[in-house]
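A.B. asks: Please see the structure below; I have some questions.
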Amino acid sequence: MTAIICSLDEALAPIADGCVLAVPRESSGAAMAATRALIRRGINRLHLIALPTSSLQADLLIGAGCIETLETSAVSLGEFGPAPCFTSAILSGTVRMLDTTCPALHAQFQAAEKGVPFMPLRGLIGSDVLAQRRDWRVIDNPFGKDDPIVLLPALSPDVGLFHAPMADHSGNVFVGTQRELITMAHAARKTVVTVETIHDGDLLRDPTLVAGTLPGFYVEAVAVEPRGAWPLSLPDHYAIDAAHMSEYARLAAAPEGFADYLQRYVYERRAA
Amino acid sequence: MYAMSVGAASPIPATAALLARERGGGRPYVSLLGSRAHTFFTDGARELFDCAGQGRVDVFFLSGGQIDGAGNINLVSIGDYARPKARFPGSFGSAYLYYVVPKVILFRVEHSRRTLVPKVDFVSAPGGSADHVFRPGGPIALVTSLCLFAFDRQHRRFRLQSVHPGHSVDEVIENTGFAFDQPAYIPVTPAPSTETLRLMRSRVAPMLAEVYPQFAQSVFGATACAR
């Protein structure tokens, strides 16, 4: 057995060109240092699933040409405005977009974690979100009468990738209340995690921490990346870097500015 | 237990929900998406949707790049979906929450014929559904910078409820792209009381700064504090 705790580049090895990669929403621990490393490696043709939304992470990957298909319910920079690379990629048709709605993605991951082929979900009927999705079905509730309901196929991404406060030496990862990360790991074939720090105890033996812990059983690799969610936030640890997000929004509004951003903050490995 | 939940990019609804909780002495339960300090959820990002699916979330807020007179909202794109002229962030949870939350309050600051249209180009979520479709939820109102509309679910139409101070019914008609009902008497929206303003400025604004630092700073000049 190889060591579960390894360097960032080693940890990211399972994320291959063309794979289906799942990442969490912008406020749940986005692995931004890892994302910059993937861009430096020149990853491409990704099918990115942002569970259920994304901000800078999806925008950077789109702008750097890493994404072929994007499956999510929204991409924006929140208070910092529209996501410029996402917007221009959709308008120019350079990324295949699978528009969805937040609970649909959660339900599809929950189907995968249960090992069942689909999950029903309320809502959606009569929307263009449903009309655009040929992979979804409407059936009549077999336990009801004249009660149409949408079925969504299970989603098992090749790799789930997120950033968390800490892991122990066995690769157990503390995620706290960001429990959709646990569902993501249950659903994904492999899970790669970056953490702020290594915890010296055994998270599974600590009664106050174990309920918020993803067992190492599901984890392929862990890399230590202090401030690994920067410039996004890590709940309970640090807030979003507002000045940096404003700078990104300003630069990425034009292709030259985005190239300048990539050079300064991704290729030259500059961090806060 | 009464619960109000606030989604993404919703600083004005967040202000309203926190204000309601301040006035109610800690109730209703309030959950702001993206907040650690102001949420009652512990089961991750999916709990809001599971909770709402059971009917446990009473109030939610939605907006739209376009909103039409039947209460349909568009959070996706303008023009043909395959070749859009403009793109918005996406539907978020609207294609579900609009159906299952009993009181959805629509908000759109920009009141113009560009935003309030006869028919949306993309239906992120419809204002109403066929009788046999499970639909306990839907819109009850639309708040803009000019006025408050109430929504009549049976006829799927808006009715002008009140016009904000300093604006007129003609101005509302002039800037609204859809037809709506106009009662004979349309009152002026009451301005907030001194006590309401005090609560917003002293109590609510610092709480907002956790999730909406820019909004809290620009509107109230407030920075983050603990609850």
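Where a number appears in this text, it was derived from the coordinates with a stated rule and is not lab data. Values in this document were obtained by computation on a predicted structure and should not be read as measured data. Cβ sites come from the backbone with ideal geometry, for glycine too, and all protein chains shown count toward neighbours.
A.B. asks: In whole Å and largest first, what semi-axes does the C-alpha gyration tensor of segment A:56-104 yield when each eigenvalue is scaled by 5 and square-rooted? Don't jump to the answer; show the numbers that get you there.
C.D. replies: Values: eigenvalues 47, 42, 17 Å².
For segment A:56-104, the semi-axes come out at 15, 14, 9 Å.
A.B. asks: Something else about it: What is the extension gain from A:R96 to A:A259, computed as 0.36 nm multiplied by their sequence separation minus the C-alpha to C-alpha distance, in nm to one decimal?
C.D. replies: Once the chain is fully extended between A:R96 and A:A259, it gains 56.5 nm.
A.B. asks: Then there is this: Ranking A:R137, B:R21 by Cβ neighbours within 10 Å, fewest first, what do you get?
C.D. replies: Sorted ascending by nearby Cβ count, the order is A:R137, B:R21.
A.B. asks: At 0.890 mPa s and 25 °C, plugging the Kirkwood radius over alpha-carbon pairs of segment A:168-238 into Stokes-Einstein gives what diffusion coefficient in µm²/s? Kindly include the intermediate steps, with their values, before the conclusion.
C.D. replies: Values: Rh = 12.5 Å.
In µm²/s, the coefficient is 197.
A.B. asks: Next question. One-quarter of the Cα convex hull surface for segment A:102-153, in nm²?
C.D. replies: Here the figure is 3.7 nm², rounded to one decimal.
A.B. asks: With label points built 7 Å along Cα→Cβ from the Cα atoms of A:F118 and B:D181, find their separation and express it in nm.
C.D. replies: Here the modelled spin labels are 3.9 nm apart.
A.B. asks: How much of the pair distance distribution for segment B:151-210 lies past 17 Å, counting alpha-carbon pairs only, in percent?
C.D. replies: 57
A.B. asks: Roughly speaking, what is the centre-to-centre gap between segment B:80-115 and segment B:179-227 when only Cα atoms are used, to the nearest Å?
C.D. replies: 22
A.B. asks: Can you give me the Rg/Rh ratio for chain A, using Cα atoms for both radii and the Kirkwood formula for Rh?
C.D. replies: Values: Rg = 18.7 Å, Rh = 19.1 Å.
Rg divided by Rh gives 0.98.
A.B. asks: Which whole-number percent of Cα pairs in segment A:27-77 have a distance greater than 12 Å? Let's see the in-between values first.
C.D. replies: Numbers: 763 of 1275 pairs.
When every Cα pair of segment A:27-77 is considered, 60 percent fall beyond 12 Å.
A.B. asks: In a shell of Cβ-Cβ distance under 12 Å around B:S112, excluding B:S112 itself, what net charge do Lys and Arg (+1) and Asp and Glu (-1) give?
C.D. replies: So the environment of B:S112 carries a net charge of 0.
A.B. asks: How many partner chain Cβ atoms sit within 10 Å of a residue's Cβ in peptide B:32-43, on average, as a whole number? Working shown, then result.
C.D. replies: Working: counts 0, 4, 8, 2, 6, 0, 0, 1, 0, 2, 5, 5.
Mean partner shielding for this stretch: 3.
A.B. asks: Related question: Specify which residue in the list B:C51, A:G115, B:F158 is farthest towards the positive end of the charge dipole of the protein assembly as shown, using unit charges on the beta carbon of Lys, Arg (+1) and Asp, Glu (-1), about the Cα centre.
C.D. replies: The residue sitting farthest along the positive end of the dipole is B:F158.
A.B. asks: On to the next question. Quick one: putting +1 on the C-beta of Lys and Arg, -1 on the C-beta of Asp and Glu, what dipole do you get for chain A around its Cα centre, in Debye to the nearest 20?
C.D. replies: Here chain A has a charge dipole of around 380 debye.
A.B. asks: Where does each of B:T189, A:T194 land when they are ranked from fewest to most other beta-carbon atoms within 10 angstrom? Numbers along the way, then the final one.
C.D. replies: Numbers: B:T189 16, A:T194 28.
Ascending Cβ contact count within 10 Å gives the list B:T189, A:T194.
A.B. asks: Can you tell me which of B:64-75, A:251-262 comes out highest on packing, and rank the rest after it, using the mean Cβ neighbours within 10 Å?
C.D. replies: By packing density, highest mean first, the sequence is B:64-75, A:251-262.
A.B. asks: Over what distance in Å are the Cα centres of segment B:4-45 and segment A:239-270 separated?
C.D. replies: Each part reduced to its Cα centre gives a spacing of 31 Å.
A.B. asks: Also, I was wondering about something else. A:L209: net charge of surrounding residues, Cβ under 15 Å, Lys/Arg +1, Asp/Glu -1, itself excluded?
C.D. replies: It works out to a net charge of -4.
A.B. asks: Excluding B:F151 itself, what net charge comes from residues whose Cβ is under 14 Å from its Cβ, given Lys and Arg +1 and Asp and Glu -1?
C.D. replies: Result for the neighbourhood of B:F151: +4.
A.B. asks: Nearest 500 deg cm²/dmol is fine: what mean residue ellipticity at 222 nm does chain B get from its DSSP H runs of n ≥ 4 alone, each adding -39,500 (n - 2.57), divided by its residue count? Don't jump to the answer; show the numbers that get you there.
C.D. replies: Working: 6 runs with 44 residues, N = 227.
Rounded to the nearest 500, the figure is -5000 deg cm²/dmol.
A.B. asks: What does the structure give for A:116-125 when I average, per residue, the other chain Cβ atoms found within 10 Å of the residue Cβ?
C.D. replies: 5
A.B. asks: Set Lys and Arg Cβ to +1 and Asp and Glu Cβ to -1, take the dipole of the protein assembly as shown about its Cα centre, and tell me which of B:V6, A:L161, A:P24 lies farthest positive.
C.D. replies: B:V6
A.B. asks: List the equivalent ellipsoid semi-axes of the protein assembly as shown in whole Å, largest first, each obtained as the square root of 5λ for an eigenvalue λ of the Cα gyration tensor.
C.D. replies: One finds semi-axes of 37, 25, 23 Å for the protein assembly as shown.
A.B. asks: Picking from B:F178, B:P118, B:A95, whose Cα lies most toward the positive end of the charge dipole for segment B:3-195 (charges on Cβ: Lys, Arg +1; Asp, Glu -1)?
C.D. replies: With unit charges placed on the Cβ atoms, the residue in question is B:A95.
A.B. asks: Once you treat every alpha carbon in segment A:127-272 as an equal point and sum by Debye, what is log10 I(q)/I(0) at q = 0.13 Å⁻¹?
C.D. replies: Scattering profile of segment A:127-272, log10 relative to I(0): -0.81.
A.B. asks: Give the lysines reachable from B:K85 as a straight Cα distance under 18 Å; neighbours fewer than 8 places away on the same chain don't count.
C.D. replies: Leaving aside lysines fewer than 8 places away in the same chain, those within reach of B:K85 are B:K119.
A.B. asks: Can you tell me, using C-alpha contacts under 8 Å and at least 6 residues apart, the relative contact order of segment A:150-248 as a whole percent?
C.D. replies: Relative contact order of segment A:150-248: 30 percent.
A.B. asks: Oh, and also: Averaged over A:74-80, how many beta carbons belonging to a partner chain fall within 10 Å of each residue's beta carbon?
C.D. replies: Average neighbour count from other chains, rounded to a whole number: 6.
A.B. asks: In square nanometres, what is one fourth of the surface area of the convex hull spanned by the alpha carbons of segment B:3-195?
C.D. replies: Answer in nm², one decimal: 12.1.
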